[in-house]
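Nothing in this text is a laboratory measurement; each read-out follows from the coordinates by a stated rule. The shown structure was predicted, so the numbers you read here are calculated from the model rather than taken from an experiment. Note that we place each Cβ from the backbone using ideal geometry, even for glycine, and neighbour counts take in every protein chain shown.
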Amino acid sequence: MKRPQAPRSVWYNPIHFCAFGFGSGVSPVAPGTMGTLMAIPFYLLFEGWSWQNYAIVVILMTIIGIWFCDVASKDTGVEDHPGIVWDEFTGYFITMWAAPAGWVWIVLGFLLFRLFDIWKPGPIGWLNDHVKGGLGVMIDDVAAAIPALIIMQILAFIFVRSVV
């Protein structure tokens with residue numbers, strides 16, 4: 001199946017611009033990976049925040065993301081267009097919640113989130129296949145972020161705690 005082309009509206013419609021990850025989703029190669037990479041500089045803006053304020057950002061990203069993704073999907077006529085990558089931003093932010101500072105953790109979070117987002121084991125794949133609309137676009141990435149977050153927290157507990 002041929003990948004649908006990103007609409008030109010990405011560059012002039014603010015909702016599409018956000019849904020398509022500030023343009024990263026128009027990449028002809030691995031738009032989900034490009035979207036996750038684009039999320040890293042934004043994550044760096046929030047990484048030093050308290051876990052409570054960070055959680056507020058993630059909740060707002062999720063709620064707004066459902067709307068962004070729903071509007072962009074309807075406007076493009078493509079259910080879960082591969083270029084819509086706001087869900088990757090949100091999934092990466094969930095993965096990185098309360099992560100230790102440092103590039104090792106940033107890269108590890110990236111790799112873990114991409115693994116679960118691409119692999120879509122068990123319920124993640126079911127959600128991807130059965131939930132539609134903006135919620136459907138977002139929910140599988142939110143679900144993929146949960147095991148990535150758990151692994152990150154376990155590794156942080158083992159390695160950061162053992163260093164102290």
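Of all residues in the stretch 98-151, count the ones that are closer than 20 Å to I56 by Cβ and either in contact with a Gly (Cβ under 7 Å, 6 or more places away or on another chain) or of a type in the set (S, T, Y) (or both).
Summing the residues that are closer than 20 Å to I56 by Cβ and either in contact with a Gly (Cβ under 7 Å, 6 or more places away or on another chain) or of a type in the set (S, T, Y) (or both) in the stretch 98-151 gives 5.
Hey, can you tell me all the residues within the stretch 82-114 that are part of a loop (DSSP other than H, G, I, E, B), in contact (Cβ under 8 Å) with a residue 60 or more places away in the chain and crowded, with 24+ Cβ neighbours inside 10 Å?
G83, I84, V85
Of all residues in the stretch 115-134, count the ones that are surrounded by fewer than 16 Cβ atoms within 10 Å (Cβ to Cβ) and part of a helix (DSSP H, G or I).
9
Output the number of residues of the stretch 39-49 satisfying the condition of being in a helix (DSSP H, G or I) and either surrounded by 17 or more Cβ atoms within 10 Å (Cβ to Cβ) or touching a helix residue (DSSP H, G or I) at 6+ places or on another chain (Cβ under 9 Å) (or both).
Residues meeting the conditions: 6.
All but one of (1) more than 15 Å from the chain's Cα centre (by Cα); (2) under 24 Å from R3 (Cα atoms); (3) in a helix (DSSP H, G or I) hold for Q52; which doesn't?
(2)
Would you mind telling me which numbered condition in (1) surrounded by 14 or more Cβ atoms within 10 Å (Cβ to Cβ); (2) on the phi < 0 side of the Ramachandran plot R161 fails?
Result: R161 fails condition (1) only.
Name the pairs whose Cβ atoms lie under 7 Å apart, with the first residue in the stretch 4-22 and outside any loop (DSSP other than H, G, I, E, B), the second small (G, A, S), and 6 or more positions between them or separate chains?
V10/G23; I15/A72; H16/S9; H16/A72; F17/G23; A19/A72; G21/G35
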